[in-house]
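> Just dropping this structure here.
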Amino acid sequence: MKITASKVFYASVLSAATAGLWWFFVALPQSPDLSAGPGRSSRLIPVEVAPIERGTIVQRRMFSGALEPRAEFVIAPKVGGRVERLTVKIADAVTRGQLVAELDNDEHVQAVNQAEAEMAVSQARLAEARSRLTIADRELDRVRTLRRRGVASEAQLDEAAAEQLTRQVERDVAQAELVYAEAVLETARIRLGYTRITADWSGGADRRVVAERYIDEGAMVAANAPLLRIVELDPLAGVVFVAERDYALLEAGQKIVLTTDAFPGQEFHGQIERIAPVFKQSTRQARVELKIDNPGQQLKPGMFIRAVVALESEADAIIVPEQALIRRDDQLGLFLVSADGLSVRWTNVTAGIREGDRVQVAGAELFGRVVVLGQQLLNDGSAITIPAEQQAAPGGDKQAGQR
């Protein structure tokens, strides 16, 4: 087989190209790095780093729930009748003792008039009984005088005494009848007063709001039938449910920050007021009641809420980004960047409070910078390369460690 010069030339070029590619992709990365010190890998691994911070970190937890009025009651008449007038509607403000409704009172007015007449009759009967008793007293005194003189007999004296006793009984009965008539009149007046329905409550603010109106004017209502629902809007109560892991971290008086979809971006403030001493078996959660300030009455009962509670805090904590933490051989740790920024050192740490993507850590010699991207390719002592924009200024690591 005859080999031409052109074929030999092309074969030489192909061999040279293959050798060059092998050197570039295989030999070059594995060639020794003369600048690498003892224990360092000769291969430079690109990573991203972040500074270790020192400062305050707060562990917060968000709970969802709903708003409820801290105080509410339903206004209902104590007597039945036709609703003649309603003075308030939904969302109207109501002050303590304000008249909110009136019932038709014709029958009750008549009952009062009748009771007054019966009392007048009882008063007249009492006056008559007293007059008769006075006469009987005088007659008994006269007979006693005559008896002492020997003019009247013993039988006449006994008869006068019996008459006087009878008149005393009549007077006592008349007095009792008058007391009964006065009680009947007072009852009639009270029932007449029940036709004027007022919003009365004890404690809390003097001003509340009509939440619901159950009837209209002209309707017939029975005794104790609901007319209006009155609620207190400032402050409000928030109800959330917490799991066992957070239960022990909560206590009455802890401050909360509340948000709701109705007012995005706006925060409301309050505190934990009560924590239930039992868990619901169905959900394994406990009820927690919040007291929420609502001076502008923007928040309304029934709104969905998200309450953020600061569970614990540390004023002088060592803080790293959460993505810096990895696990190796069931040990939690991170890679610390050397002072010259050329290698890393594996350090075991323990995690503490978490706040967003920041984590409190504890361990030996934690200062400077940590690797936050590329840890999976690293080992203890690995050589690294850091992007130019993340290169620390001279003395930066030292300053970060002293903060």
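The values are calculated or read from the model by the stated rules, or taken from the named source; none is laboratory data. All of these numbers come straight from a predicted model, not from anything done at the bench. Using ideal geometry, Cβ is built from the backbone for each residue, glycine included, and neighbour counts are taken over all protein chains shown.
> Quick check on my filter: what residues within segment 134-180 are in contact (Cβ under 8 Å) with a residue 40 or more places away in the chain and aliphatic (A, V, I, L, M)?
173, 174, 178
> Going by the conditions given, is residue 275 of a type in the set (A, V, I, L, M) and in contact (Cβ under 8 Å) with a residue 40 or more places away in the chain?
no
> Also, I was wondering about something else. Just to verify a result, which residue in segment 255-287, among those that are surrounded by fewer than 14 Cβ atoms within 10 Å (Cβ to Cβ) and of a type in the set (Ser, Thr, Tyr), is farthest from the chain's Cα centre (by Cα)?
First, pick out the residues of segment 255-287 that are surrounded by fewer than 14 Cβ atoms within 10 Å (Cβ to Cβ): 255, 261-267, 269, 274, 277-278, 280-284.
Cutting the leftovers down to of a type in the set (Ser, Thr, Tyr) gives us 282-283.
Details: 282: 22, 283: 19 Å.
Out of the qualifying residues, it is 282.
> Sticking with this structure for a sec: Identify the single condition in (1) surrounded by fewer than 14 Cβ atoms within 10 Å (Cβ to Cβ); (2) touching a Gly at 6+ places or on another chain (Cβ under 8 Å); (3) closer than 27 Å to residue 210 by Cβ that residue 290 does not satisfy, given that it satisfies every other one.
Unmet for residue 290, out of (1) surrounded by fewer than 14 Cβ atoms within 10 Å (Cβ to Cβ); (2) touching a Gly at 6+ places or on another chain (Cβ under 8 Å); (3) closer than 27 Å to residue 210 by Cβ: (1).
> Is it the case, given these coordinates, that residue 154 is at pLDDT below 95, of a type outside the set (A, V, I, L, M, F, W, C) and surrounded by fewer than 18 Cβ atoms within 10 Å (Cβ to Cβ)?
Yes, satisfied.
> Let me ask something else. Report the residue count in segment 193-249 for those that are part of a strand (DSSP E or B) and either surrounded by 13 or more Cβ atoms within 10 Å (Cβ to Cβ) or touching an Asp or Glu at 6+ places or on another chain (Cβ under 6 Å) (or both).
23
> I'm trying to understand the selection: among the residues of segment 377-403, which are surrounded by fewer than 18 Cβ atoms within 10 Å (Cβ to Cβ), at pLDDT below 90 and not in a loop (DSSP other than H, G, I, E, B)?
Selection gives 388, 389, 390, 396, 398, 399, 400, 401, 402.
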